[in-house]
1. Determine the sum of side-chain charges near N64: Lys and Arg each +1, Asp and Glu each -1, restricted to other residues whose C-beta is under 10 angstrom from that of N64.
2. Going by accessible area, probe 1.4 Å, with all protein chains left in place, what is the ranking of Y371, Y182, largest first?
3. How big is Rg to Rh over the range 269-402, alpha-carbon atoms, Rh as the Kirkwood inverse-mean-distance radius?
4. First check a/c for the range 6-85, with a ≥ b ≥ c the square roots of the eigenvalues of its C-alpha gyration tensor; if it is under 1.5, answer rounded, and if not, answer prolate when a/b is larger than b/c or oblate otherwise.
5. What is the helix-to-structure angle for 208-226, meaning the angle in degrees between its Cα long axis and the longest Cα principal axis of the chain, kept from 0 to 90 and rounded to the nearest 10?
6. How large is the convex hull of the Cα atoms of the range 116-236 per residue, expressed in Å³ as a whole number?
7. Consider a paramagnetic label point 7 Å from the Cα of T328 along Cα→Cβ; state which residues of the range 1-41 have an amide N under 11 Å from it.
8. If all Cα-Cα distances of the range 222-313 are sorted into 10 Å bins from 0 onward, what percent lands in each bin, rounded to whole numbers?
Amino acid sequence: MHNFQYRNNELFCEDVPVADIAREVKTPFYLYSYETLKRHFRAFDDSFKGIEHLTCFSMKSNSNMAVLRLFANEGGGVDIVSGGELYRAMKAGVAPGKIVYSGVGKTVEELEYAVSSDILMFNSESGQELITLNDTAKRLNRKARVSIRVNPDVDPQTHPYISTGLRENKFGIDIKKSLEEYRVAAGLGNLVVTGVSCHIGSQLTRVSPFVESIRKVKELIGRLKDAGIHIRYLDIGGGLGITYNEEKPPLPAEYAAAIKEEIGKTDLTLILEPGRVLVGNACILVAKVLYTKSSGDKNFIIVDAAMNDLMRPSLYGSFHGIQAVNTTGRKRIRADIVGPICESGDFLAKDRDVEALAQGDLLAVMSAGAYGFSMSSTYNSRPRVAEVMAKGDSYRVIRKRETCEDLVKGEEIPEFIA
Ligand code: LLP
(Lines give C-alpha, C1' and ligand atoms only; values in the text may rest on other atoms or scores of the structure.)
Protein backbone atom coordinates (compact mmCIF):
# COMPACT_ATOMS: atom_id res chain seq x y z
CA MET A 1 0.00 0.00 0.00
CA HIS A 2 1.43 3.41 -0.91
CA ASN A 3 0.25 6.98 -1.29
CA PHE A 4 0.83 7.44 -5.02
CA GLN A 5 -2.68 7.24 -6.41
CA TYR A 6 -4.67 8.68 -9.30
CA ARG A 7 -7.49 11.16 -8.83
CA ASN A 8 -9.32 12.01 -12.05
CA ASN A 9 -6.45 10.55 -14.12
CA GLU A 10 -3.87 12.71 -12.32
CA LEU A 11 -1.15 11.13 -10.20
CA PHE A 12 -0.97 12.45 -6.65
CA CYS A 13 1.57 11.97 -3.91
CA GLU A 14 -0.60 12.10 -0.80
CA ASP A 15 -2.74 15.21 -1.51
CA VAL A 16 -0.33 16.93 -3.87
CA PRO A 17 -0.59 16.64 -7.67
CA VAL A 18 2.77 15.36 -8.90
CA ALA A 19 2.58 17.74 -11.88
CA ASP A 20 2.44 20.75 -9.51
CA ILE A 21 5.73 19.71 -7.92
CA ALA A 22 7.29 19.13 -11.35
CA ARG A 23 6.33 22.67 -12.39
CA GLU A 24 8.13 24.14 -9.43
CA VAL A 25 11.06 21.78 -8.86
CA LYS A 26 11.62 20.80 -12.52
CA THR A 27 12.42 17.22 -13.51
CA PRO A 28 13.84 14.73 -12.78
CA PHE A 29 13.28 14.41 -9.03
CA TYR A 30 12.71 11.71 -6.44
CA LEU A 31 9.41 12.11 -4.62
CA TYR A 32 8.75 10.51 -1.21
CA SER A 33 5.52 10.11 0.69
CA TYR A 34 5.91 10.86 4.39
CA GLU A 35 2.80 8.85 5.26
CA THR A 36 3.99 5.77 3.36
CA LEU A 37 7.41 5.87 5.00
CA LYS A 38 5.88 6.19 8.45
CA ARG A 39 3.33 3.46 7.82
CA HIS A 40 5.96 1.09 6.46
CA PHE A 41 8.19 1.64 9.48
CA ARG A 42 5.32 1.06 11.91
CA ALA A 43 4.00 -1.99 10.07
CA PHE A 44 7.45 -3.56 10.17
CA ASP A 45 8.38 -2.59 13.71
CA ASP A 46 4.97 -3.42 15.18
CA SER A 47 5.06 -6.93 13.77
CA PHE A 48 7.94 -7.71 16.11
CA LYS A 49 5.96 -6.66 19.17
CA GLY A 50 6.23 -9.25 21.91
CA ILE A 51 9.96 -9.79 21.38
CA GLU A 52 12.66 -7.38 22.54
CA HIS A 53 13.94 -5.77 19.32
CA LEU A 54 15.52 -2.78 17.60
CA THR A 55 14.73 -1.91 13.98
CA CYS A 56 17.92 -0.51 12.45
CA PHE A 57 17.08 0.92 9.04
CA SER A 58 19.71 -0.14 6.52
CA MET A 59 20.61 3.33 5.34
CA LYS A 60 22.57 2.24 2.28
CA SER A 61 19.15 1.88 0.68
CA ASN A 62 18.38 5.54 1.31
CA SER A 63 20.54 7.92 3.26
CA ASN A 64 18.65 11.20 2.97
CA MET A 65 18.71 12.85 6.39
CA ALA A 66 14.98 13.63 6.32
CA VAL A 67 14.23 9.93 5.86
CA LEU A 68 16.68 9.04 8.65
CA ARG A 69 15.13 11.59 11.01
CA LEU A 70 11.64 10.32 10.27
CA PHE A 71 12.60 6.76 11.25
CA ALA A 72 14.63 7.97 14.26
CA ASN A 73 11.53 9.82 15.48
CA GLU A 74 9.71 6.49 15.29
CA GLY A 75 12.32 4.96 17.61
CA GLY A 76 14.46 3.33 14.94
CA GLY A 77 18.21 2.94 14.75
CA VAL A 78 20.35 2.44 11.65
CA ASP A 79 22.60 -0.14 10.07
CA ILE A 80 25.66 1.60 8.60
CA VAL A 81 28.47 0.45 6.33
CA SER A 82 30.84 3.41 6.26
CA GLY A 83 32.14 6.42 8.14
CA GLY A 84 30.11 8.59 5.79
CA GLU A 85 26.93 6.81 6.83
CA LEU A 86 27.86 7.22 10.50
CA TYR A 87 28.32 10.95 9.94
CA ARG A 88 24.96 11.29 8.17
CA ALA A 89 23.14 9.21 10.77
CA MET A 90 24.43 11.22 13.70
CA LYS A 91 23.81 14.50 11.90
CA ALA A 92 20.22 13.36 11.31
CA GLY A 93 19.83 12.73 15.04
CA VAL A 94 20.15 8.95 15.29
CA ALA A 95 21.42 7.98 18.76
CA PRO A 96 24.85 6.23 18.58
CA GLY A 97 23.46 3.60 20.93
CA LYS A 98 21.12 2.54 18.12
CA ILE A 99 23.75 2.17 15.39
CA VAL A 100 25.16 -1.14 14.17
CA TYR A 101 28.07 -1.22 11.75
CA SER A 102 28.42 -3.97 9.10
CA GLY A 103 30.76 -4.26 6.13
CA VAL A 104 33.74 -6.37 5.02
CA GLY A 105 36.23 -3.52 4.63
CA LYS A 106 36.08 -1.08 7.52
CA THR A 107 39.17 1.16 7.51
CA VAL A 108 41.13 2.04 10.66
CA GLU A 109 39.89 5.63 10.40
CA GLU A 110 36.30 4.41 10.18
CA LEU A 111 36.78 2.08 13.14
CA GLU A 112 38.27 4.94 15.19
CA TYR A 113 35.36 7.19 14.35
CA ALA A 114 32.79 4.55 15.29
CA VAL A 115 34.60 3.44 18.48
CA SER A 116 34.84 7.02 19.70
CA SER A 117 31.16 7.54 18.86
CA ASP A 118 30.33 4.57 21.11
CA ILE A 119 27.98 2.85 18.66
CA LEU A 120 25.88 -0.09 19.77
CA MET A 121 27.75 -2.86 17.94
CA PHE A 122 30.28 -3.72 15.25
CA ASN A 123 29.33 -6.63 13.03
CA SER A 124 32.81 -7.93 12.28
CA GLU A 125 33.42 -9.89 9.13
CA SER A 126 36.94 -11.30 9.51
CA GLY A 127 39.50 -12.40 12.07
CA GLN A 128 41.80 -9.56 11.00
CA GLU A 129 39.05 -7.03 11.45
CA LEU A 130 38.50 -8.24 15.03
CA ILE A 131 42.20 -7.72 15.83
CA THR A 132 42.25 -4.30 14.19
CA LEU A 133 39.09 -3.28 16.05
CA ASN A 134 40.59 -4.43 19.36
CA ASP A 135 43.82 -2.50 18.68
CA THR A 136 41.82 0.59 17.77
CA ALA A 137 39.67 0.42 20.89
CA LYS A 138 42.79 -0.10 23.02
CA ARG A 139 44.47 2.96 21.52
CA LEU A 140 41.39 5.00 22.31
CA ASN A 141 41.12 3.47 25.76
CA ARG A 142 37.63 2.18 24.99
CA LYS A 143 35.80 -1.10 24.73
CA ALA A 144 33.96 -2.01 21.55
CA ARG A 145 30.87 -4.22 21.49
CA VAL A 146 31.09 -6.79 18.71
CA SER A 147 29.18 -9.46 17.00
CA ILE A 148 30.58 -11.77 14.39
CA ARG A 149 28.76 -11.67 11.10
CA VAL A 150 28.50 -15.31 10.22
CA ASN A 151 27.97 -16.65 6.76
CA PRO A 152 25.40 -19.43 7.19
CA ASP A 153 25.72 -20.79 3.64
CA VAL A 154 22.03 -20.49 2.81
CA ASP A 155 20.76 -19.79 -0.69
CA PRO A 156 18.53 -16.69 -0.57
CA GLN A 157 17.19 -17.41 -4.09
CA THR A 158 17.66 -13.87 -5.33
CA HIS A 159 19.74 -11.99 -7.92
CA PRO A 160 23.40 -13.16 -7.69
CA TYR A 161 24.72 -9.60 -7.21
CA ILE A 162 22.61 -9.11 -4.09
CA SER A 163 22.97 -12.55 -2.61
CA THR A 164 25.36 -12.53 0.35
CA GLY A 165 24.81 -15.61 2.49
CA LEU A 166 26.50 -18.27 0.37
CA ARG A 167 29.96 -19.53 1.21
CA GLU A 168 31.17 -18.28 -2.18
CA ASN A 169 30.17 -14.69 -1.28
CA LYS A 170 32.71 -12.35 0.33
CA PHE A 171 30.57 -11.68 3.40
CA GLY A 172 30.93 -12.79 6.98
CA ILE A 173 32.90 -15.60 8.59
CA ASP A 174 32.06 -19.19 7.71
CA ILE A 175 29.63 -20.25 10.43
CA LYS A 176 31.57 -23.48 10.84
CA LYS A 177 34.73 -21.57 11.73
CA SER A 178 33.02 -18.88 13.77
CA LEU A 179 33.31 -20.59 17.17
CA GLU A 180 37.09 -20.34 16.91
CA GLU A 181 36.89 -16.66 16.03
CA TYR A 182 34.51 -16.06 18.95
CA ARG A 183 37.03 -17.65 21.31
CA VAL A 184 39.75 -15.36 19.98
CA ALA A 185 37.47 -12.30 20.22
CA ALA A 186 36.45 -13.16 23.78
CA GLY A 187 40.11 -13.17 24.76
CA LEU A 188 40.80 -9.71 23.35
CA GLY A 189 40.79 -7.17 26.19
CA ASN A 190 39.08 -4.30 24.43
CA LEU A 191 36.25 -6.18 22.80
CA VAL A 192 32.98 -7.09 24.46
CA VAL A 193 31.45 -10.01 22.60
CA THR A 194 27.78 -9.28 22.57
CA GLY A 195 26.10 -10.54 19.41
CA VAL A 196 25.79 -12.77 16.40
CA SER A 197 24.74 -11.31 13.08
CA CYS A 198 23.90 -12.55 9.63
CA HIS A 199 22.44 -11.15 6.44
CA ILE A 200 21.89 -13.51 3.56
CA GLY A 201 20.75 -11.29 0.71
CA SER A 202 18.30 -8.74 -0.53
CA GLN A 203 14.89 -8.77 -2.25
CA LEU A 204 13.98 -12.18 -0.81
CA THR A 205 10.46 -13.22 -1.68
CA ARG A 206 10.17 -16.25 0.61
CA VAL A 207 10.58 -16.71 4.36
CA SER A 208 12.23 -20.13 4.25
CA PRO A 209 15.84 -18.94 3.68
CA PHE A 210 15.52 -16.55 6.64
CA VAL A 211 14.19 -19.35 8.83
CA GLU A 212 16.93 -21.72 7.70
CA SER A 213 19.69 -19.24 8.53
CA ILE A 214 18.19 -18.41 11.92
CA ARG A 215 18.09 -22.12 12.72
CA LYS A 216 21.82 -22.37 11.99
CA VAL A 217 22.58 -19.24 14.01
CA LYS A 218 20.57 -20.54 16.96
CA GLU A 219 22.64 -23.71 16.99
CA LEU A 220 25.75 -21.56 17.07
CA ILE A 221 24.41 -19.50 19.97
CA GLY A 222 23.87 -22.76 21.88
CA ARG A 223 27.44 -23.85 21.23
CA LEU A 224 28.73 -20.43 22.27
CA LYS A 225 26.81 -20.72 25.54
CA ASP A 226 28.45 -24.08 26.18
CA ALA A 227 31.79 -22.38 25.60
CA GLY A 228 30.93 -19.71 28.17
CA ILE A 229 30.26 -16.97 25.63
CA HIS A 230 26.95 -15.26 26.26
CA ILE A 231 25.17 -13.52 23.43
CA ARG A 232 22.74 -10.68 23.99
CA TYR A 233 21.94 -9.50 20.46
CA LEU A 234 20.80 -11.56 17.51
CA ASP A 235 21.06 -9.43 14.37
CA ILE A 236 19.26 -11.10 11.48
CA GLY A 237 20.04 -8.45 8.86
CA GLY A 238 17.57 -7.23 6.28
CA GLY A 239 16.52 -8.58 2.91
CA LEU A 240 12.74 -8.73 2.87
CA GLY A 241 11.59 -8.17 -0.71
CA ILE A 242 8.95 -5.86 -2.15
CA THR A 243 6.60 -5.91 -5.12
CA TYR A 244 8.16 -4.21 -8.13
CA ASN A 245 6.09 -6.10 -10.67
CA GLU A 246 4.41 -9.38 -9.90
CA GLU A 247 6.47 -10.60 -6.96
CA LYS A 248 4.45 -11.66 -3.95
CA PRO A 249 6.85 -11.33 -1.02
CA PRO A 250 5.63 -12.14 2.48
CA LEU A 251 4.13 -9.22 4.37
CA PRO A 252 6.22 -7.92 7.27
CA ALA A 253 3.73 -9.56 9.65
CA GLU A 254 4.23 -12.95 7.97
CA TYR A 255 8.00 -12.51 7.95
CA ALA A 256 7.97 -11.54 11.64
CA ALA A 257 5.67 -14.41 12.59
CA ALA A 258 7.96 -16.98 10.93
CA ILE A 259 11.01 -15.50 12.63
CA LYS A 260 9.38 -15.29 16.04
CA GLU A 261 8.25 -18.88 15.72
CA GLU A 262 11.74 -20.08 14.81
CA ILE A 263 13.36 -18.12 17.64
CA GLY A 264 10.81 -19.19 20.24
CA LYS A 265 11.03 -17.99 23.81
CA THR A 266 14.27 -16.09 24.24
CA ASP A 267 16.09 -13.50 26.26
CA LEU A 268 17.96 -12.30 23.17
CA THR A 269 17.32 -8.84 21.76
CA LEU A 270 16.60 -9.05 18.07
CA ILE A 271 18.20 -6.53 15.71
CA LEU A 272 16.60 -6.09 12.30
CA GLU A 273 18.18 -4.28 9.38
CA PRO A 274 15.41 -3.67 6.85
CA GLY A 275 16.19 -1.34 3.97
CA ARG A 276 14.16 -1.86 0.82
CA VAL A 277 10.93 -2.89 2.50
CA LEU A 278 10.71 0.42 4.36
CA VAL A 279 11.54 2.82 1.55
CA GLY A 280 11.23 1.04 -1.82
CA ASN A 281 7.58 1.69 -2.51
CA ALA A 282 7.48 5.00 -0.65
CA CYS A 283 9.06 6.92 -3.51
CA ILE A 284 8.86 7.53 -7.24
CA LEU A 285 11.27 9.09 -9.69
CA VAL A 286 9.51 11.73 -11.77
CA ALA A 287 10.87 12.41 -15.24
CA LYS A 288 9.81 14.17 -18.43
CA VAL A 289 9.73 12.95 -22.00
CA LEU A 290 12.31 14.80 -24.08
CA TYR A 291 11.74 13.07 -27.43
CA THR A 292 10.13 10.03 -28.93
CA LYS A 293 11.26 8.13 -32.01
CA SER A 294 10.92 4.80 -33.78
CA SER A 295 13.43 2.73 -35.64
CA GLY A 296 12.08 -0.27 -37.49
CA ASP A 297 9.44 -1.68 -35.23
CA LYS A 298 11.11 -0.35 -32.09
CA ASN A 299 9.79 2.65 -30.19
CA PHE A 300 11.98 4.78 -27.96
CA ILE A 301 10.78 7.19 -25.34
CA ILE A 302 13.74 9.36 -24.39
CA VAL A 303 13.37 10.91 -20.95
CA ASP A 304 15.40 13.31 -18.85
CA ALA A 305 16.27 10.72 -16.14
CA ALA A 306 18.98 8.19 -16.85
CA MET A 307 21.01 5.30 -15.48
CA ASN A 308 23.08 7.70 -13.39
CA ASP A 309 19.88 8.72 -11.57
CA LEU A 310 18.48 5.19 -11.19
CA MET A 311 21.02 2.48 -11.81
CA ARG A 312 19.00 -0.61 -10.93
CA PRO A 313 17.56 -1.43 -14.38
CA SER A 314 20.99 -1.18 -16.04
CA LEU A 315 22.90 -2.93 -13.28
CA TYR A 316 20.54 -5.74 -12.32
CA GLY A 317 18.06 -5.75 -15.19
CA SER A 318 15.48 -4.91 -12.56
CA PHE A 319 11.88 -3.97 -13.21
CA HIS A 320 10.39 -0.61 -12.25
CA GLY A 321 6.83 0.25 -13.23
CA ILE A 322 6.48 3.18 -15.65
CA GLN A 323 3.31 5.22 -15.30
CA ALA A 324 2.07 8.39 -16.96
CA VAL A 325 1.53 11.22 -14.47
CA ASN A 326 -1.54 12.24 -16.42
CA THR A 327 -3.34 9.26 -17.90
CA THR A 328 -5.88 10.75 -20.27
CA GLY A 329 -6.82 8.65 -23.26
CA ARG A 330 -3.58 7.64 -24.96
CA LYS A 331 -3.26 4.38 -26.81
CA ARG A 332 -0.72 1.88 -25.53
CA ILE A 333 2.53 1.02 -27.27
CA ARG A 334 5.55 -1.16 -26.63
CA ALA A 335 8.65 0.94 -26.06
CA ASP A 336 12.07 1.24 -24.46
CA ILE A 337 12.22 4.06 -21.92
CA VAL A 338 15.75 5.38 -22.19
CA GLY A 339 17.86 8.22 -20.82
CA PRO A 340 20.26 10.70 -22.45
CA ILE A 341 23.46 8.83 -21.46
CA CYS A 342 25.78 7.66 -24.20
CA GLU A 343 25.50 3.92 -23.55
CA SER A 344 23.07 1.32 -24.81
CA GLY A 345 22.89 0.09 -21.21
CA ASP A 346 21.16 3.33 -20.29
CA PHE A 347 17.52 2.37 -19.93
CA LEU A 348 14.82 2.54 -17.29
CA ALA A 349 12.59 -0.06 -18.97
CA LYS A 350 12.86 -2.32 -22.01
CA ASP A 351 10.13 -3.56 -24.33
CA ARG A 352 7.54 -2.18 -21.97
CA ASP A 353 3.85 -1.91 -22.64
CA VAL A 354 3.21 1.77 -21.79
CA GLU A 355 0.95 4.65 -22.70
CA ALA A 356 2.17 6.38 -25.85
CA LEU A 357 3.79 9.23 -23.98
CA ALA A 358 4.58 12.33 -26.03
CA GLN A 359 7.16 15.09 -25.84
CA GLY A 360 6.77 17.09 -22.61
CA ASP A 361 4.69 14.43 -20.80
CA LEU A 362 5.58 13.52 -17.25
CA LEU A 363 6.11 9.94 -16.13
CA ALA A 364 6.68 8.21 -12.82
CA VAL A 365 9.24 5.47 -12.38
CA MET A 366 7.72 3.46 -9.55
CA SER A 367 9.28 1.80 -6.48
CA ALA A 368 12.35 4.01 -6.64
CA GLY A 369 12.96 4.69 -2.95
CA ALA A 370 15.45 1.91 -2.23
CA TYR A 371 18.89 2.01 -3.84
CA GLY A 372 17.62 4.78 -6.12
CA PHE A 373 19.08 8.12 -5.14
CA SER A 374 21.65 6.45 -2.88
CA MET A 375 23.23 4.69 -5.88
CA SER A 376 23.00 7.67 -8.19
CA SER A 377 26.10 9.27 -9.67
CA THR A 378 27.08 12.23 -11.78
CA TYR A 379 28.16 10.14 -14.78
CA ASN A 380 28.14 12.17 -18.01
CA SER A 381 28.48 15.21 -15.71
CA ARG A 382 24.82 15.13 -14.89
CA PRO A 383 24.16 16.91 -11.58
CA ARG A 384 22.32 14.67 -9.14
CA VAL A 385 18.59 15.30 -9.06
CA ALA A 386 16.45 16.85 -6.33
CA GLU A 387 14.64 14.88 -3.65
CA VAL A 388 11.23 16.03 -2.44
CA MET A 389 8.96 14.79 0.35
CA ALA A 390 5.20 15.33 0.44
CA LYS A 391 3.08 15.25 3.58
CA GLY A 392 -0.64 15.83 3.26
CA ASP A 393 -1.16 18.76 0.92
CA SER A 394 2.33 20.23 1.28
CA TYR A 395 5.80 19.27 0.17
CA ARG A 396 9.42 20.24 0.75
CA VAL A 397 12.66 19.81 -1.16
CA ILE A 398 14.73 17.54 1.09
CA ARG A 399 17.79 17.66 -1.14
CA LYS A 400 18.47 20.40 -3.64
CA ARG A 401 19.26 19.56 -7.21
CA GLU A 402 23.03 19.76 -7.67
CA THR A 403 24.47 22.53 -9.81
CA CYS A 404 27.31 22.57 -12.32
CA GLU A 405 29.48 24.24 -9.65
CA ASP A 406 28.80 21.24 -7.38
CA LEU A 407 30.05 19.00 -10.18
CA VAL A 408 33.52 20.52 -10.26
CA LYS A 409 33.81 21.13 -6.50
CA GLY A 410 37.24 20.08 -5.29
CA GLU A 411 38.78 19.76 -8.75
CA GLU A 412 41.96 21.65 -9.50
CA ILE A 413 44.06 22.14 -12.59
CA PRO A 414 47.73 21.85 -11.47
CA GLU A 415 50.20 24.56 -12.41
CA PHE A 416 52.19 22.09 -14.60
CA ILE A 417 49.24 21.92 -16.94
CA ALA A 418 48.19 25.55 -16.76
N1 LLP B 1 22.06 -5.52 6.17
C2 LLP B 1 23.15 -5.75 5.45
C3 LLP B 1 24.38 -6.21 6.12
C4 LLP B 1 23.13 -5.57 4.05
O5 LLP B 1 24.22 -5.81 3.34
C6 LLP B 1 21.94 -5.11 3.43
C7 LLP B 1 21.87 -4.90 1.99
C8 LLP B 1 20.82 -4.86 4.25
C9 LLP B 1 20.91 -5.09 5.62
C10 LLP B 1 19.51 -4.36 3.70
O11 LLP B 1 18.92 -5.22 2.80
P12 LLP B 1 17.45 -4.91 2.25
O13 LLP B 1 16.51 -4.98 3.42
O14 LLP B 1 17.45 -3.55 1.65
O15 LLP B 1 17.21 -5.96 1.25
N16 LLP B 1 21.71 -2.34 -4.58
C17 LLP B 1 20.92 -3.54 -4.54
C18 LLP B 1 20.72 -4.07 -3.14
C19 LLP B 1 22.00 -4.30 -2.36
C20 LLP B 1 21.77 -4.79 -0.97
C21 LLP B 1 23.01 -4.75 -0.17
N22 LLP B 1 22.87 -5.11 1.20
C23 LLP B 1 19.60 -3.28 -5.24
O24 LLP B 1 19.39 -2.19 -5.72
O25 LLP B 1 18.77 -4.19 -5.34
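The values are calculated or read from the model by the stated rules, or taken from the named source; none is laboratory data. The structure displayed is predicted, hence computed values, not measured ones. We place every Cβ from the backbone using ideal geometry, glycine too, and count neighbours over all the protein chains shown. The accessibility values were calculated without ligands, DNA or RNA, using every heavy atom of the protein model including side chains. Shrake-Rupley method; radii C 1.70, N 1.55, O 1.52, S 1.80 Å.
1. Numbers: positive: R69, R88, R399; negative: E387.
So the surrounding residues net to +2.
2. Values: Y371 40, Y182 0 Å².
So the residues, ranked largest to smallest area, are Y371, Y182.
3. Values: Rg = 15.6 Å, Rh = 15.7 Å.
Rounded to two decimals, Rg/Rh equals 0.99.
4. Numbers: a/c = 3.64, a/b = 1.65, b/c = 2.21.
Since a/c reaches 1.5 but b/c is at least a/b, the shape of the range 6-85 is classed as oblate.
5. That helix lies at roughly 20 degrees to the long axis.
6. Working: hull volume 12.2 nm³, N = 121.
Considering the Cα atoms of the range 116-236, their hull volume per residue is 101 Å³.
7. Only 9-10 pass the distance filter.
8. 11, 27, 23, 17, 12, 7, 3, 0
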